[in-house]
1. When residues of the stretch 82-105 are filtered for being in contact (Cβ under 8 Å) with a residue 24 or more places away in the chain and aliphatic (A, V, I, L, M), how many remain?
2. Quick one: would you say Leu99 is under 15 Å from Leu136 (Cβ atoms) and assigned to a helix (DSSP H, G or I)?
3. Kindly provide the set of residues from the stretch 113-127 that are surrounded by 13 or more Cβ atoms within 10 Å (Cβ to Cβ) and charged (D, E, K, R), ordered by number.
4. Every residue in the stretch 68-93 that is of a type in the set (Gly, Ala, Ser) and more than 27 Å from Phe50 (Cα to Cα), please.
5. Which of the residues spanning the stretch 106-152 are touching a residue at least 12 places away in the same chain (Cβ under 8 Å), among the aliphatic types (A, V, I, L, M) and in a loop (DSSP other than H, G, I, E, B)?
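Computed from the coordinates by the stated procedures, all read-outs in this text should not be read as laboratory data. Remember, it's a predicted structure, so these values are computed and weren't measured experimentally. Here the Cβ positions follow ideal geometry from the backbone for every residue, glycine too, while neighbour counts run over all protein chains shown.
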Amino acid sequence: MVLALVLHSLAAAVWVGGMFFAYMALRPAAGALEPPQRLTLWRGTFDRFFPWVWAAVAALLVSGYAMIFLHFGGFSGAGLHVHVMHGIGLVMMALFAHLFFAPWRRLKAAVDAENWAEGGRNLGQIRRIVGINLILGLVTVAVGASGRYWPM
């Protein structure tokens with residue numbers, strides 16, 4: 001249980017922390033760059049960050065289900081906060097999968113072809129999805145940290 005909880009917490013920290021950094025620090029700083037430099041920076045950043053997100057998603061699923069079934073004896077033994085985290089987490093994963101397989105692939109192709117206008121449109125889509133996932137991720141962290149203390 002301890003190993004699963006540590007793995008789960010670290011995976012959440014990597015994913016949510018990475019989104020927070022990208023959205024709150026890198027995005028405003030990169031806004032001062034011209035489109036070719038800005039889009040090239042984002043392409044390189046996402047190229048390095050997204051494998052970590054996939055690893056975090058896998059770790060969250062494996063560790064989360066391990067805790068649910070080995071510690072709680074299944075979903076029926078888990079508290080409301082576990083169900084809330086599970087539901088939000090699945091939505092976040094679906095949003096990330098869409099981001100990865102649609103606007104991210106288009107952004108890479110646009111940057112490689114030096115089509116800055118198309119790259120900018122796709123970066124805008126990615127920004128919106130990351131913003132939504134960041135909010136969902138912060139809510140999930142709050143639920144995970146406080147849920148066991150909720151009155152029932």
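1. Selection size over the stretch 82-105: 9.
2. Yes, satisfied.
3. As a first pass, look at the stretch 113-127 and keep what is surrounded by 13 or more Cβ atoms within 10 Å (Cβ to Cβ): 115-116, 118-123, 125-127.
Glu118, Arg121, Arg127 - these are the residues of the stretch 113-127 that are surrounded by 13 or more Cβ atoms within 10 Å (Cβ to Cβ) and charged (D, E, K, R).
4. Hits for the stretch 68-93 are Gly73, Gly74, Ser76, Gly77, Ala78, Gly79.
5. Residue satisfying the conditions is Met152 alone.
Here's the yes/no breakdown for (1) within 17 Å of Phe100 (Cα to Cα); (2) surrounded by 16 or more Cβ atoms within 10 Å (Cβ to Cβ); (3) in contact (Cβ under 8 Å) with a residue 24 or more places away in the chain:
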| site | (1), (2), (3) |
| --- | --- |
| His8 | no, yes, yes |
| Ala12 | no, yes, yes |
| Met19 | yes, yes, yes |
| Tyr23 | yes, yes, yes |
| Arg27 | no, yes, yes |
| Leu33 | no, no, no |
| Leu39 | yes, yes, yes |
| Trp42 | yes, yes, yes |
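Quick grid of which residues meet (1) over 15 Å from Gly18 (Cα atoms); (2) in contact with a Phe, Trp or Tyr (Cβ under 9 Å, 6 or more places away or on another chain); (3) polar (S, T, N, Q); (4) surrounded by fewer than 17 Cβ atoms within 10 Å (Cβ to Cβ):
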{"site": "Phe46", "(1), (2), (3), (4)": "no, yes, no, no"}
{"site": "Gly74", "(1), (2), (3), (4)": "yes, no, no, yes"}
{"site": "Phe96", "(1), (2), (3), (4)": "no, yes, no, no"}
{"site": "Val111", "(1), (2), (3), (4)": "yes, yes, no, no"}
{"site": "Ile132", "(1), (2), (3), (4)": "no, no, no, yes"}
{"site": "Ala145", "(1), (2), (3), (4)": "yes, no, no, yes"}
